[in-house]
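Following: one structure in structure tokens, then a few remarks.
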Amino acid sequence: MERRYASHPNEVKQFDTDRLRKEFHIPALFTPDKLELVLTHEDRLIIGGAAPVREPITLETDLKELGVSSFLERRELGIINIGEHGTVRVDGTEHELSNKECLYVGMGAEEVIFTSTDPEHPAKFYLNSAPAHQTFPTAKATLEEADSSALGDIKNSNDRVIYRFIHQKGIQSAQLVMGMTLLKEGNMWNTMPAHTHPRRMEAYLYFDLPEDAVVIHLMGQPNETRHIVMRNEQAVISPSWSIHSGVGTSNYTFIWGMAGDNKRYDDMDPVSMKDLK
């Protein structure tokens with residue numbers, strides 16, 4: 001498991017492109033038949049990917065890093081499948097996940113195993129894990145079952161639908177909030193006007209991007225913005241003090257996951273367009 005440290009905005013404003021990418025960009029999460037994990041000290045979120053092809057993948061790591069006897073002893077887990085059909089076995093119970101379906105696994109689960117139904121069309125399980133103080137039951141949600149809302153319009157190139165899976169009115173959790181935003185064809189902007197939420201950090205996974213397309217992910221303080229070039233199936237860490245917005249060379253989908261002081265999706269501090277620099 002790779003470790004990333006927390007950052008101070010006064011330090012980050014001095015970073016060049018290479019340093020920004022080393023600290024916040026996660027280039028590869030879906031290595032065939034391997035578990036990839038990145039632990040960020042921003043609210044201790046773990047960002048990961050499991051891409052089983054020929055072999056099942058078990059959720060495990062060097063437990064000394066977490067100071068526990070099993071991965072979910074003091075953690076909860078959100079899973080969204082961005083690939084083809086697969087199965088997540090939680091303590092012997094199998095949960096089938098198709099593309100863009102979500103599974104929550106509560107604190108205390110001892111065994112989590114990821115499997116693809118068809119090795120020729122493998123699943124790709126994106127993972128967010130946050131520290132937990134209370135156990136909630138394992139639960140699944142499809143796009144149709146998720147709380148959703150349409151935002152933006154084609155005039156502003158931001159016509160999109162937001163799906164909330166793990167949140168106050170959906171799948172219950174200790175602190176993890178997780179969902180997905182789908183941009184419609186011909187739309188490129190997400191989360192603009194920008195905002196911050198100093199009470200929660202956030203991580204984005206961009207996907208459904210053509211091979212030759214990119215998303216310019218905007219970050220930093222509103223008056224000290226920076227950018228990171230993102231490609232398909234890459235993730236980025238957003239500190240709680242940073243904006244998190246982006247524009248693509250085509251439409252795309254992204255998964256957002258948050259951890260911090262509350263679970264209120266609408267707890268945001270808006271940033272006026274005139275204040276962006």
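The values are calculated or read from the model by the stated rules, or taken from the named source; none is laboratory data. Since this is a predicted model, take the numbers as computed values, not measurements. Note that each Cβ is placed from the backbone with ideal geometry, even for glycine, and that neighbours are counted across all protein chains shown. These area figures cover heavy atoms from the full protein model, side chains too; ligands, DNA and RNA do not enter into them. Shrake-Rupley method; radii C 1.70, N 1.55, O 1.52, S 1.80 Å.
Is it true that Gly186 is open to solvent by 10 Å² or more (accessible area, probe 1.4 Å) and among the small types (Gly, Ala, Ser)? Answer is yes for this residue.
Please indicate, with yes or no, whether at least one residue in segment 234-246 is β-branched (Val, Ile, Thr) and farther than 27 Å from Gln14 by Cα. No; the residues of segment 234-246 include none that is β-branched (Val, Ile, Thr) and farther than 27 Å from Gln14 by Cα. Candidates Asn223, Asn232, Asn251: the one that is under 14 Å from the mean Cα position of the chain (by Cα), open to solvent by 20 Å² or more (accessible area, probe 1.4 Å) and over 27 Å from Ala132 (Cβ atoms) is Asn232.
Residues being open to solvent by less than 60 Å² (accessible area, probe 1.4 Å), closer than 23 Å to Gln134 by Cβ and more than 21 Å from the chain's Cα centre (by Cα) are represented in segment 42-64 by at least one member.
The set of residues in segment 71-99 that are surrounded by fewer than 20 Cβ atoms within 10 Å (Cβ to Cβ), basic (Lys, Arg) and under 20 Å from the mean Cα position of the chain (by Cα) contains only Arg74. Close contacts from segment 188-199, counting a first residue that is part of a strand (DSSP E or B) and a second that is of a type in the set (Ser, Thr, Tyr) and open to solvent by 20 Å² or more (accessible area, probe 1.4 Å), with Cβ to Cβ under 6 Å and a gap of 6+ residues or different chains, come to Trp189/Ser157. On the stretch given as segment 143-174, residues that are part of a loop (DSSP other than H, G, I, E, B) and surrounded by 14 or more Cβ atoms within 10 Å (Cβ to Cβ) total 13. Within segment 189-211, the residues that satisfy the criterion of being buried (at least 21 other Cβ atoms within 10 Å of the Cβ), out of contact with any helix residue (DSSP H, G or I) (no Cβ under 9 Å at 6 or more places or on another chain) and not polar (S, T, N, Q) are His197, Arg200, Met201, Glu202, Ala203, Tyr204, Leu205, Tyr206, Phe207, Leu209. Residues that are over 21 Å from Lys124 (Cβ atoms), charged (D, E, K, R) and modelled with pLDDT of 95 or more do not occur anywhere in segment 55-72.
Starting from segment 262-275, take each residue that is modelled with pLDDT of 90 or more and assigned to a strand (DSSP E or B) and list its partners that are of a type in the set (Val, Ile, Thr) and open to solvent by less than 50 Å² (accessible area, probe 1.4 Å), counting only C-beta distances under 8 angstrom and pairs at least six apart or across chains. Once the first residue is modelled with pLDDT of 90 or more and assigned to a strand (DSSP E or B) and sits in segment 262-275, its partners that are of a type in the set (Val, Ile, Thr) and open to solvent by less than 50 Å² (accessible area, probe 1.4 Å) give Asp269/Thr196.
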